[in-house]
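In what follows, a structure is listed as structure tokens, so that the remarks can point back to it.
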Amino acid sequence: MWKNRGRTSRKRRRKQFSRLPSNGVNQSHILEYIQLRKWLKERGFDDRNLRPAQFSDTGRGLMTTKAFQAGEVIISLPEKCLLTTGTVLSSYLGEKIAKWKPPISPLIALCTFLIAEKYAGERSVWKPYLDILPKTYTCPVCLDQEVVRLLPEPLRRKAQEQRTVVQELYTSSKSFFSSLQSWFTENVETVFNYDALQWAWCTINTRTVYMKHSQRECFSREPDVYALAPYLDLLNHSPNVQVKAAFNEQTRCYEIRTESHCRRHEELFICYGPHDNQRLLLEYGFVAINNPQSGVYVSADILLKHLFSADKQRNMKLSILKDHNLLENLTFGRDGPSWRLLTALKLLCLGTDEFTYWKKVLLGDIISARNEERSLNIAAKICFSLIEETQHVLHQISQMKKDKVNFENQLALVEVLRLEDLTILQTSAEILYNLRTAVT
């Protein structure tokens with residue numbers, strides 16, 4: 001306890017605390033956040049435990065003004081603050097959506113509302129929230145194709161699939177957008193253009209929380225599980241924390257409860273899920289440094305490139321691996337080649353006289369010293385091949401950063417991903433060297 005509780009002592013303590021290193025710069029005084037907090041307060045949310053801040057490593061986030069203990073609710077956002085399909089249906093769009101055939105999806109309903117409200121500007125009730133939403137995103141669907149080509153497989157393929165999904169969504173929704181023309185003085189094709197839909201889709205894909213809603217006849221059969229949560233969505237991701245998040249039916253609030261301790265004046269994190277960096281980049285547009293969930297994927301094509309083409313049993317081996325779902329999610333991680341990758345390689349390296357023991361390989365049994373050595377040698381070759389490819393791409397990125405200044409942020413993101421991959425592969429190479437030394 002403090003011995004001196006006088007004014008001088010309080011001033012001294014404040015001065016001491018002001019010198020403590022802070023991980024973030026308080027942003028509470030910025031007009032956009034002042035207006036957002038005022039807007040939220042009118043809807044029943046008046047939190048004093050978190051404040052918006054700018055952090056050097058994670059960017060915009062929320063800083064604690066008090067320490068949180070494990071099991072404590074860190075944020076409780078009233079239902080009135082959430083933007084859901086219920087919000088859309090109770091708006092001017094509700095009647096139009098109810099009559100439209102065939103029914104639109106809950107996702108398109110939310111996208112339409114976001115685009116229309118953003119266009120409304122000062123007239124939008126949701127303006128304080130819309131003002132703090134990102135103007136642009138870094139999900140693969142937003143990346144230039146030259147940058148996408150620098151992504152590793154299977155992320156490159158998934159990025160193209162994501163782009164196709166958004167393009168098809170836009171094409172299939174054009175007729176519904178056209179039906180809204182009477183509400184706009186400007187041509188709806190200008191208001192609801194592809195860039196606008198891409199922005200709205202990214203907003204929903206990267207910022208919504210999971211909240212299941214009852215099925216409504218006015219919507220298609222796709223799941224209605226989205227809720228945009230103003231202020232709460234400023235919380236950044238960390239793979240090293242655990243939280244519980246759900247809508248509380250009793251309090252009618254969306255609540256997040258931490259399962260770990262957080263100190264005062266630190267950034268408060270939540271966990272978006274046990275995602276590797278490729279998944280984080282695909283779904284949220286960022287990469288987590290030193291992500292323990294991350295790995296470097298080895299495709300079936302890469303496997304085949306390093307195997308003996310003269311092996312007469314190769315097709316049978318591949319068929320067995322496919323039947324047992326062992327041609328996907330093969331990775332190198334921070335602890336070396338995954339069990340799935342080594343098991344696939346051990347089966348593919350079985351000699352003609354060993355093939356009958358393939359079931360034992362799947363059970364994790366050691367078949368022979370020769371099989372162990374072969375599989376580790378091929379794993380090492382694949383690892384070094386991926387290291388070379390990653391280093392080559394990093395060199396390309398370095399060159400493009402000089403020539404393509406407009407892509408600087410996009411290239412920096414892919415560079416971080418590739419550097420993380422390189423660290424993982426180099427660590428795996430060392431582990432494989434030790435494993436190979438042990439069996440020879």
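The values are calculated or read from the model by the stated rules, or taken from the named source; none is laboratory data. Computed from a predicted model, the values in this text were never measured in an experiment. No Cβ is skipped: glycine too gets one built from the backbone with ideal geometry, and neighbour counts run over all protein chains shown. Heavy atoms of the whole protein, side chains included, go into the accessibility calculation; ligands, DNA and RNA do not. Shrake-Rupley method; radii C 1.70, N 1.55, O 1.52, S 1.80 Å.
Quick check on the range 253-361: what are the equivalent-ellipsoid semi-axes from the Cα gyration tensor, as sqrt(5λ), descending, whole Å?
Over the Cα atoms of the range 253-361, the semi-axes work out to 41, 14, 12 Å.
Per-residue accessible area for HIS29 at 1.4 Å probe radius, Å² rounded to 10?
Roll a 1.4 Å probe over it and HIS29 shows about 130 Å².
Structure shown: which of LYS101/LYS127; LYS322/LYS359; LYS96/LYS212; LYS96/LYS135; LYS135/LYS401; LYS305/LYS381 lie over 19 Å apart, alpha-carbon to alpha-carbon?
Pairs exceeding 19 Å: LYS101/LYS127; LYS96/LYS212; LYS96/LYS135; LYS135/LYS401.
What is the sum of charges, Lys and Arg at +1 and Asp and Glu at -1, for the other residues whose Cβ falls under 11 Å from the Cβ of TRP199?
That works out to +1.
So, for the chain, what is the accessible surface per residue at a probe of 1.4 Å, expressed in square angstrom?
Counting only protein heavy atoms, the per-residue value for the chain is 53 Å².
What do you get for the angle between helix 408-439 and the principal long axis of the chain? Use alpha-carbon atoms, 0 to 90 degrees, nearest ten.
Between helix and principal axis, roughly 30 degrees.
In debye, nearest 20: dipole of the chain around its Cα centre with unit charges on the Cβ of K, R (+) and D, E (-)?
2060
Can you give the angle from 0 to 90° between the axis of helix 106-120 and the longest principal axis of the chain, with both taken from C-alpha atoms, to the nearest 10?
Helix 106-120 sits at roughly 50 degrees to that axis.
Let me know the charge dipole size of the range 296-439 about its Cα centre in debye, to the nearest 20, where only the beta-carbon of Lys, Arg (+1) and Asp, Glu (-1) is charged.
The dipole of the range 296-439 has a size of about 320 debye.
Charges on Cβ only, +1 for Lys and Arg, -1 for Asp and Glu, centred on the Cα centroid of the range 329-369; of LEU348, ILE366, SER338, which one is farthest towards the dipole's positive end?
After comparing all options, I get SER338.
Using the crude model of +1 on Lys and Arg Cβ and -1 on Asp and Glu Cβ, and no other charge, please compute the dipole size for the range 83-228 relative to its Cα centre, in debye to 20.
280
Filter the GluC sites (Glu not before Pro) in the range 184-239 to those in DSSP coil with at most 15 other Cβ atoms within 10 Å of their Cβ, and list the result.
Answer by residue number: GLU186, GLU217.
Please report how far the C-alpha centroid of the range 343-373 lies from that of the range 151-171, rounded to the nearest whole angstrom.
37
Could you derive backbone 3J(HN,Hα) for the range 266-281 from the dihedral phi with the Karplus parameters 6.51, -1.76 and 1.60 (θ = phi - 60°), listing whole Hz in sequence and x where the residue is Gly or Pro?
10, 5, 9, 10, 10, 10, 6, x, x, 9, 7, 5, 5, 5, 4, 5
Just one of [x] -0.35, -0.45, -1.10; [y] -0.62, -0.71, -1.10; [z] -0.48, -0.61, -1.22 is log10 I(q)/I(0) by the Debye sum over Cα atoms at q = 0.07, 0.08, 0.13 Å⁻¹ calculated from these coordinates, so which is it?
So the calculated entry is the one marked [z].
List, in order, the whole-Hz ³J(HN,Hα) value for each residue of the range 395-406 obtained from phi through the Karplus relation with A = 6.51, B = -1.76, C = 1.60 and θ = phi - 60°; use x for Gly and Pro.
Going residue by residue, I get 5, 4, 4, 4, 5, 5, 5, 7, 8, 10, 4, 5 Hz, with x marking Gly and Pro.
Identify the trypsin sites (Lys or Arg not before Pro) of the range 185-250 meeting these criteria: DSSP loop state and at most 10 other C-beta atoms within 10 Å of the C-beta.
ARG221
For the range 361-371, what does the Karplus curve 6.51 cos²θ - 1.76 cosθ + 1.60, with θ = phi - 60°, yield as ³J(HN,Hα) per residue in whole Hz, taken in order and with x for Gly and Pro?
3J(HN,Hα) across the range 361-371, in whole Hz: 4, 5, 8, x, 6, 8, 8, 6, 5, 4, 5.
Looking at the range 106-151, which trypsin sites (Lys or Arg not before Pro) are DSSP coil and have at most 10 other C-beta atoms within 10 Å of their C-beta?
LYS135
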